[in-house]
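Remarks on the structure that follows.
The values are calculated or read from the model by the stated rules, or taken from the named source; none is laboratory data. Just so we're clear, the structure is a prediction, and the values are computed from it rather than from any experiment. All Cβ positions, even for glycine, are placed from backbone atoms using ideal geometry, and neighbour counts span all protein chains on display. Just the protein is used for accessible areas: all its heavy atoms, side chains included, with ligands, DNA and RNA removed. Shrake-Rupley method; radii C 1.70, N 1.55, O 1.52, S 1.80 Å.
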Amino acid sequence: MPTDSPITPLSRALAREASGIAGTATAMVVLEPPANAEFGDLATNVAMTLAGAAKRNPREIAEAIAGSLASADGLAGYIERAEVAGPGFINLTLSPRWFAGAARAIAEAGDDYGRGQADPPERILIEFVSANPTGPPHVGHARQAAYGDGVARILGYAGHDVTREFYVNDWGRQMELFGASVAARYGQLLGLPVEVPAEGYQGDYVNGIAEAMRDEVGDAYRDRVDPPDAEVLAFFAARGQALMLSTMTRDLERFRVRFDAFFSETTLHEGGAVERGLEALIGSGDAYEHEGALWFRTTAYGDEKDRVLRRSDGSSTYLAADVAYHLDKAGRGDDRLLDVLGADHHGYIARLRAVVAAGGYDPGILEVPIVQLVSLTEGGEAKRMSKRAGTLVTMGELMDDIGVDAARFFLVQRSHETAFDLDLDVARAEGNENPVYYVQYAHARIAGILAQAPGEPGDAGPPPDLDPSERTLLLTLCGWPEAVREAEHRRSPHRVASYLMDLARDFHAFYHRCRVVGEPPDVLAFRLHLLRATRSVIATGLGLIGVEAPDRM
RNA sequence: GCGCCAGUAGCUCAGUCGGAUAGAGCGUCGGUCUACGAAACCGAAGGUCACAGGUUCGAAUCCUGUCUGGCGCGCCA
């Protein structure tokens, strides 16, 4: 099954031919559409890259190569014109015969076009979102979810074996505070004069949790929440976080994100893994006592300063659990560990690397993509978000507001390395100003045409000539495998979104210039293949970023 | 002060393993529906790619320095 770009065979043939002529081997040949379509369909800088080694004038080499291409092995019949331009570029115009074959190949490959390019395929564990189950996921989590899941889908499509994991921070002081907050709200529901602790969770959603718990246990704890004893706090914390976690997973599933595993921090503490991790660090000399505390010598692995693992009061830090967690993960045998973190955690990277290295694993297996912050604008003004003021926009509210398709597309449209403002007015619009619909509309339009077109393209020969918009559209389709490869290598789903915008634009332009139904058999056959190929790539691409590809809108 | 990310059109951002005249969406202005979906298309206006040096046939892209913004720098998580 041909899953690579139809340009690749041309590129190989060109490299062979050029190397022969220049008398020196070439490693890389760039063969791609030129910036200006007037130059032709494809352009190559091969003569310029060979000029140095061959010690010859680039233009002279280019002329020689250009002159031989029409009869070259693997190129004959495909090259209509080859011209030398500028400092030594060779501009190629391809024949309708090549275009017809390429369109057909892509259409027939369908969903497999661009798939399975991983080299080599790896077993990859990707951890993302990983929030405290003490509040509903917000817009920042949504961005991390859209990013992490997009990366996971792309890696899987490329041929990697991917596992999605969510680390649940269900242990420690914040859980105690959460339990106390829920207990207080529960007491209030029963009419008791209990106050939520000052440092506790004040958000309205805590009431929802408390109501659910009252429905479960009635007034059984009426006499024990003011003040609450340790057992009561533990109960409210445990039940509260379970309810909160189910809310999160429900939101995430609605967002089309499913995890293969949820890993509880508490199990690390209760199962002794945290203690064993610290012992291991002490044993290997990576941890030491100082001023009553236990320190991790992360500076030995490039960190700015050493970090505390166990406080002088005997309690362990968050890092201690993360040591255990990452030793666990590294020990599972994956080729690669991806930790997707928010920008406010980037200072953690060196520590995590230190854990992996101290555990005796190659620290290179750990990758930590950082997702920058997202803010919202509405009516031209920044929407101030604050947890305290309760103005924080939740993931659920975002989905209610702009829909899942728009949310996923917008949140993944920009590089994860860039902080950006999501304009709610644009994202909310159901009309032509919304980029999501721009791509989806192209898909629906094609579905509409194909529904009216004859079932099979038939076996007609290539069309006599091509419209510029047909050339552009097909050449853009040829770029899909490369777009996937870039997205995979750079862990950048936004490249898929950008590509789809380009493809949709080229399709819409084609649509306005070329008819399909009712054309002569050769033209009809080519255009049907072009439509099928375009629809397939759009559907596949949208799928990789978790957006639906509707046949009607 | 140190570290990470960024600075590209009025706004939000692509493009950054060096390539020809730097792009898209939104916004503005002007055109296009009696043939497959106008949620679309075509055209126009809009740029010292933060600044200054350097590397070379060629720099938004690579190097050095400066300025500006976000985030971080805890025996918090």
Completion exercise
Within segment A:148-171, residues in contact with a helix residue (DSSP H, G or I) (Cβ under 7 Å, 6 or more places away or on another chain) and either without any contact (Cβ under 8 Å) to a residue 40 or more places away in the chain or not in a helix (DSSP H, G or I) (or both) come out as A:Val162, A:Arg164, A:Tyr167, A:Val168, A:Asn169, A:Asp170, A:Trp171
Completion exercise
Taking segment A:134-189 and keeping residues open to solvent by 20 Å² or more (accessible area, probe 1.4 Å) and within 12 Å of the chain's Cα centre (by Cα) leaves A:Gln144, A:Arg153, A:Gly156
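Let's see how each residue does on (1) touching a Gly at 6+ places or on another chain (Cβ under 9 Å); (2) hydrophobic (A, V, I, L, M, F, W, C); (3) closer than 30 Å to A:Met244 by Cβ; (4) not in a helix (DSSP H, G or I):
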position	(1), (2), (3), (4)
A:Arg115	yes, no, no, yes
A:Ser130	no, no, yes, yes
A:Gly140	yes, no, yes, no
A:Ala146	yes, yes, yes, no
Completion exercise
Going through segment A:524-540 in order, the residues found to be touching a helix residue (DSSP H, G or I) at 6+ places or on another chain (Cβ under 8 Å) and either open to solvent by 50 Å² or more (accessible area, probe 1.4 Å) or not β-branched (Val, Ile, Thr) (or both) are A:Ala525, A:Phe526, A:Arg527, A:Leu528, A:His529, A:Leu530, A:Leu531, A:Arg532, A:Ala533, A:Arg535, A:Ser536, A:Ala539
Completion exercise
Taking segment A:491-507 and keeping only residues that are near RNA strand B (Cβ under 8 Å from one of its atoms) and open to solvent by 20 Å² or more (accessible area, probe 1.4 Å), one is left with A:His494, A:Arg495, A:Ser498, A:Met501, A:Asp502, A:Arg505
Exercise for the section: Examine segment A:132-145 for a residue that is within 30 Å of A:Pro481 (Cα to Cα) and in contact with an Asp or Glu (Cβ under 6 Å, 6 or more places away or on another chain), and state whether such a residue exists. Expected result: no
Practice task
Collect the residues in segment A:454-471 that are part of a helix (DSSP H, G or I) and surrounded by fewer than 20 Cβ atoms within 10 Å (Cβ to Cβ), keeping them in residue-number order.
Solution key: A:Pro468, A:Ser469
Handout entry: Qualifying residue in segment A:538-551 (condition: β-branched (Val, Ile, Thr) and either more than 30 Å from A:Tyr147 (Cβ to Cβ) or within 10 Å of RNA strand B (Cβ to nearest atom) (or both))
Key = no
Exercise for the section: Can you confirm whether segment A:517-525 contains a residue that is closer than 16 Å to A:Tyr113 by Cβ and either among the hydroxyl-bearing types (Ser, Thr, Tyr) or at pLDDT below 95 (or both)? Expected result: no
Exercise for the section: Return yes when A:Gly543 is surrounded by fewer than 21 Cβ atoms within 10 Å (Cβ to Cβ) and under 26 Å from A:Gly116 (Cα atoms) and no when it is not. Expected result: yes
Exercise for the section: Taking A:Gly342 as the residue in question, decide whether it is in the same structural domain as A:Trp295 (by TED's automatic domain parsing), small (Gly, Ala, Ser), in contact (Cβ under 8 Å) with a residue 60 or more places away in the chain and closer than 23 Å to A:Gly272 by Cβ. Expected result: no
Practice task
Considering each of A:Arg408, A:Arg485, A:Arg414 in turn, give the residue that is more than 13 Å from RNA strand B (Cβ to nearest atom), surrounded by 15 or more Cβ atoms within 10 Å (Cβ to Cβ) and touching a residue at least 12 places away in the same chain (Cβ under 8 Å).
Solution key: A:Arg408
Problem - Top-ranked residue in segment A:69-93 [being at pLDDT 90 or above and among the polar types (S, T, N, Q); ranked as farthest from A:Gly20 (Cα to Cα)] - result: A:Thr93
Handout entry: segment A:29-50: number of residues that are open to solvent by less than 10 Å² (accessible area, probe 1.4 Å) and out of contact with any Ser or Thr (no Cβ under 7 Å at 6 or more places or on another chain)
Key = 3
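Here's the yes/no breakdown for (1) of a type outside the set (Val, Ile, Thr); (2) at pLDDT 95 or above:
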site: A:Asp260; (1), (2): yes, yes
site: A:Leu281; (1), (2): yes, yes
site: A:Tyr301; (1), (2): yes, no
site: A:Glu304; (1), (2): yes, no
site: A:Val308; (1), (2): no, yes
site: A:Gly314; (1), (2): yes, no
Practice task
Would you confirm whether any residue within segment A:74-92 is assigned to a helix (DSSP H, G or I) and assigned by TED's automatic domain parsing to the domain that holds A:Val46?
Solution key: no
Problem - Members of segment A:404-426 that are of a type in the set (A, V, I, L, M), in a helix (DSSP H, G or I) and under 17 Å from A:Pro493 (Cβ atoms) - result: A:Val404, A:Ala406, A:Ala407, A:Leu411, A:Val412
Problem - Selection status of A:Ala429, within 10 Å of RNA strand B (Cβ to nearest atom), open to solvent by 30 Å² or more (accessible area, probe 1.4 Å) and either closer than 16 Å to A:His141 by Cα or without any contact (Cβ under 8 Å) to a residue 40 or more places away in the chain (or both) - result: no
Exercise for the section: Taking A:Asp226 as the residue in question, decide whether it is open to solvent by 70 Å² or more (accessible area, probe 1.4 Å) and in contact with a Gly (Cβ under 7 Å, 6 or more places away or on another chain). Expected result: yes
Problem - Verdict on A:Ala451 being buried (at least 17 other Cβ atoms within 10 Å of the Cβ) and within 11 Å of RNA strand B (Cβ to nearest atom) - result: no
Handout entry: Test result for A:Asp322, touching a residue at least 24 places away in the same chain (Cβ under 8 Å) and more than 11 Å from RNA strand B (Cβ to nearest atom)
Key = no
Problem - Whichever residue in segment A:508-523 is among the charged types (D, E, K, R) and more than 6 Å from RNA strand B (Cβ to nearest atom) and, among such residues, is most open to solvent (accessible area, probe 1.4 Å) - result: A:Arg513
Practice task
Would you check if there is a residue in segment A:130-144 being of a type outside the set (Phe, Trp, Tyr), under 27 Å from A:Ser536 (Cβ atoms) and touching a residue at least 12 places away in the same chain (Cβ under 8 Å)?
Solution key: no
Exercise for the section: Please report, ordered by residue number, the strands (runs of 3 or more DSSP E) entirely within segment A:288-403 with at least 1 residues that are open to solvent by 10 Å² or more (accessible area, probe 1.4 Å), within 24 Å of A:Asn132 (Cβ to Cβ) and of a type in the set (Ser, Thr, Tyr). Expected result: A:374-378
